[in-house]
Every structure is written in C-alpha cells, then in structure tokens.
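Okay, handing you the structure first.
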Amino acid sequence: MAVEHQVQFDRTIEADEKIEPRDWMPDGYRSTLIRQIAQHAHSEVIGMQPEANWITRAPTLLRKAILIAKVQDEAGHGLYLYSATETLGISRDELQEMLHSGRQKYSSIFNYPTLSWADIGAIGWLVDGAAIVNQIMLQGTSYGPYSRAMVRICKEESFHARQGYAILMALAKGTDEQKAMLQDAIDRWWWPSLMMFGPHDSDSTHTEQSMEWKIKRISNDDLRQMYVDQTVPQAHYLGCSVPDPDLHFDEESGHWNFGAIDWDEFWTVVKGNGPMNRERINHKTKVWDDGAWVREAAVAYAEKQASRSTKIA
Amino acid sequence: MSYDVPIAPGETPDEISVEGPQSTAWPLWEVFMRPKRGLSHTHCGSLHAPDAESAILNARDAYTRLGDTASLWVVPSTHIHASSDPTSMFDPADDKPYRHPTFFEIPDEVGQL
C-alpha cells in the first residue's frame, strides 16, 4: 500500500500536478512544507514591525494611508500562509507557539532596523522586490494550497514594490540631505536583501531535495542573479549606487557580476544575534499577550449570541 | 526570499509533529467568494473566527482588500464533506467517452450541430 502511495505521489510530481491536502505524501515532504510555509507566514507577520515603525512619522497623510494598507497586506499574507500550513495537519496554536519560543524562525531581513523614512522605500523596492522574485517561483510549487496562496500574494506584492520605489523616486528628486538619506538606505539594505535568497547552492543542504519534490523550482543562486540583474539598473535610475566595489556588467553573459556575500553576518543573524532579533520576538509575544482580552471577549460574545438563539428556538 | 530559513551550522531543525494537540482556538471557516455578479462563489481560503458574523468580517479583511468581490460565504470547515479516493470514486466516467460531443463524427455539410 505504502509503495502504491509513493508511486502515485511520484507520478503526480513528475506530471507537474499539485499535491492536495488529503493526498498521501512522504513524511519528509510534509515536514519540509510545514517548516517552510510556517516560516514564510512568520516572516510576513514579523515583517509588519519594521514598517509599522514609520506609520506615525510618514511624511504625508497619503503616504501614511498607503503604508497602513501595505502593513495590513502583510498581516493578510501571514493569514493566507498560516491557513495553508494548517492544511498539513498542524494547528495554528502550535505554529504560534513555535514562533514565540524561537523553535521556528522567520526571514532574517526583518532583524534589521528601519532608521529613516528612506528605509520604508528601500524595503518596498529591495525587500519586497526580492520576495516577488522568490514568490513568483513559488507559484509553481507542488503543494496546491501553498501555490494558491502565492498567486494571491503575488497579485498584491507589486503594489508594495512600486510604492517603495515611488518613495525613493521622490527622495531622488529632493534636497542633498534627502539624496544622502536615500543612498544610505540602499547601502544598508543591499547586502541583507541579497542574503534573503539563502546560502549558495553548494552550501544549501535542503535545496536538492526541495527541487526534487518541486517545492522549490529555481535554486537560491539563480534567483539571486535574476534579482541582481533586475535591481541594479533600477538603483542607477535613482542616481544611486549599490555598495559593491566588485559589481560589474559582464557583456558576455549579460549578467551583473557581484562581489562576495558576508556569510558570517548572515549566520550571525540567522542564529538570533542580529540587531533586532530579540526585540522583534519580545514585541510579538507582548502584543499576543496584551490582546488576550480581545480574543476572550469575542468568544464570550459568540457564546452569548449562540445561547440566546438556542433559547429562542 | 528564501523562506526555508536555513539551518545554521551547529543547530538542528526543530522536530515537527502533526500528532500534537489540535487547536483549542476559534473554529476554522472555509471562505467562498463571488468575484462579480453572474459568477459562482469559489473557495478562496480559510480562517479562524469565533462566530459566523466575525468570520464574514475577517474574510472581508483577509480576502477582499482589492475590492474585487460581490459576495462572501463562510462555512464551518467541519461541515465540508469531501469525496474520498479519487482513483476509484470517479471511475464511472472513465469508460463513457460518448458523453463528450466530439465522440461523434458529423460531416461538415451538416452545419452547426
């Protein structure tokens, strides 16, 4: 029976069809997906913090309204992804607990601080831009609910990237001080954005299996190169540079070649010692605890309404 | 973005068990959305909410932010009954190709049919 199931599973993957929640799947496929989709969900939720940091200080009312809408989208993306994770048989409570206790992580990019308004533009353009490159690939992932969540998310991400770039275009036309703020934001976000794609393929232990299962469709290094190629000209359009003395266009390959990534910094942040790791989780657990009364009140109200309607019946 | 946050050297991945306790939180609802008049409601996802009224409000906030919605349904997930084993369940249709109109060859001269 188990062999038959495996054959059916392999055939579905081979045919580029989707695996759906009630299908048999190998334990490793299930746990890899739970881990990846949950950490994707956690990233969306924690990602609200660096941006929300600037809601009260947005330069105009319109920019403020746009930023609120964007942060709300991130909450929505977290919800789609938690729902997708739950279809694999794990409860929301448990996912929440794993984030709060540090048993599961989120993208390290959100462990960097947002120091200026230009950072909000840089996040939209660079961070969401990197997310788009990855998420477009993940629309083709083999697990149905994850793929559908990605389609929904990608529809909304273009808004994020474009609002970010629009912020930066305004600064690029501004005073010398504003231009300096813009360049400083790019200088700080550039390398962490490249790190978002993960370790080199040669050091990425999971990539091979994930590619075989078609959870991932394109490798870390290939995605990173696609991202650099599309992003460098956009930096130049702003009249800015990226902080990489080795960056140059290779006529032969048609790609932008870039310098070495500081993997020590990468692992330091992954291991929990980035600038904002502790603050992010402390804030998340505090807000969860502070909101307990809202959840309790909602349940009490629902119970009261239900008991009334039973009495009437 | 590499959402499969890599396992740092010296760290071990967390054990994931789907045998753990099921949620004690708000019940799960399936959300169905009609994108515009004239189209059917289609499933768009699920969410947790304490009651139907809040489920609809949460569904609005979670699934309709782009304004492309004419109507929402929410159904408690426990009320969804699904077909089993797709390999045998839908067999009866497999040997009836004549249900498809292209099974029949009709000469062109006959015209629209």
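The values are calculated or read from the model by the stated rules, or taken from the named source; none is laboratory data. A quick note: this is a predicted structure, and the numbers were derived from the prediction, not measured. Here the Cβ positions follow ideal geometry from the backbone for every residue, glycine too, while neighbour counts run over all protein chains shown. Just the protein is used for accessible areas: all its heavy atoms, side chains included, with ligands, DNA and RNA removed. Shrake-Rupley method; radii C 1.70, N 1.55, O 1.52, S 1.80 Å.
Contact list please: Cβ distance under 6 Å, first residue in segment B:42-67 and closer than 17 Å to A:Ala69 by Cβ and facing another protein chain (nearest Cβ under 10 Å), second residue among the aliphatic types (A, V, I, L, M) and open to solvent by 50 Å² or more (accessible area, probe 1.4 Å), pairs at least six apart or on different chains.
B:Ala62/A:Leu79
(1) more than 14 Å from chain B (Cβ to nearest Cβ); (2) open to solvent by 80 Å² or more (accessible area, probe 1.4 Å); (3) out of contact with any Phe, Trp or Tyr (no Cβ under 8 Å at 6 or more places or on another chain); (4) not hydroxyl-bearing (Ser, Thr, Tyr): which one isn't true of A:Glu296, the others all being true?
Condition not satisfied by A:Glu296: (1).
Could you tell me which residue of segment B:40-62 is modelled with the highest pLDDT, considering only residues that are under 13 Å from the mean Cα position of the chain (by Cα) and open to solvent by less than 50 Å² (accessible area, probe 1.4 Å)?
B:His41
Would you tally the residues in segment A:21-62 being under 18 Å from A:Gln135 (Cβ atoms), away from every other protein chain (no Cβ under 11 Å) and either touching a Pro at 6+ places or on another chain (Cβ under 8 Å) or open to solvent by less than 10 Å² (accessible area, probe 1.4 Å) (or both)?
Matching residues across segment A:21-62 total 2.
Has segment A:115-123 got at least one residue that is touching a strand residue (DSSP E or B) at 6+ places or on another chain (Cβ under 6 Å) and either more than 13 Å from chain B (Cβ to nearest Cβ) or open to solvent by less than 10 Å² (accessible area, probe 1.4 Å) (or both)? Quick ask: steps written out before the conclusion?
Taking segment A:115-123 as the starting set, the residues that turn out to be touching a strand residue (DSSP E or B) at 6+ places or on another chain (Cβ under 6 Å) are none.
Scanning segment A:115-123 turns up no residue that is touching a strand residue (DSSP E or B) at 6+ places or on another chain (Cβ under 6 Å) and either more than 13 Å from chain B (Cβ to nearest Cβ) or open to solvent by less than 10 Å² (accessible area, probe 1.4 Å) (or both).
Every residue in segment A:138-173 that is of a type in the set (A, V, I, L, M, F, W, C) and more than 10 Å from chain B (Cβ to nearest Cβ), please. Walk me through how you get there before you give the answer.
So the first thing to find is which residues in segment A:138-173 are of a type in the set (A, V, I, L, M, F, W, C), and the list is A:138, A:149-151, A:153-154, A:159, A:161, A:166-172.
Passing the criteria: A:Met150, A:Val151, A:Ile153, A:Cys154, A:Ala161, A:Ala166, A:Ile167, A:Leu168, A:Met169, A:Ala170, A:Leu171, A:Ala172.
Hey, any hits in segment A:103-120 for a residue that's touching a Phe, Trp or Tyr at 6+ places or on another chain (Cβ under 7 Å), hydrophobic (A, V, I, L, M, F, W, C) and within 19 Å of A:Ala75 (Cβ to Cβ)?
yes
List the pairs whose first member sits in segment A:194-210 and is more than 8 Å from every other protein chain (Cβ to nearest Cβ), whose second member is of a type in the set (Asp, Glu), and whose Cβ atoms are under 7 Å apart, counting only residues at least 6 apart or on separate chains?
Close Cβ pairs satisfying both conditions: A:His200/A:Asp221; A:Asp201/A:Asp221; A:Thr207/A:Asp201.
What residue, among those in segment A:205-222 that are hydroxyl-bearing (Ser, Thr, Tyr) and buried (at least 19 other Cβ atoms within 10 Å of the Cβ), is farthest from A:Ile19 (Cα to Cα)?
Selected residue: A:Ser219.
What are the residues in segment A:251-270 that are of a type outside the set (S, T, N, Q) and not in a helix (DSSP H, G or I), if any? Don't jump to the end; show me each part of the working.
Applying the first criterion (of a type outside the set (S, T, N, Q)) to segment A:251-270 yields A:251-252, A:254-256, A:258-267, A:269-270.
Result: A:Glu251, A:Glu252, A:Gly254, A:His255, A:Trp256, A:Phe258, A:Gly259, A:Ala260, A:Ile261, A:Asp262.
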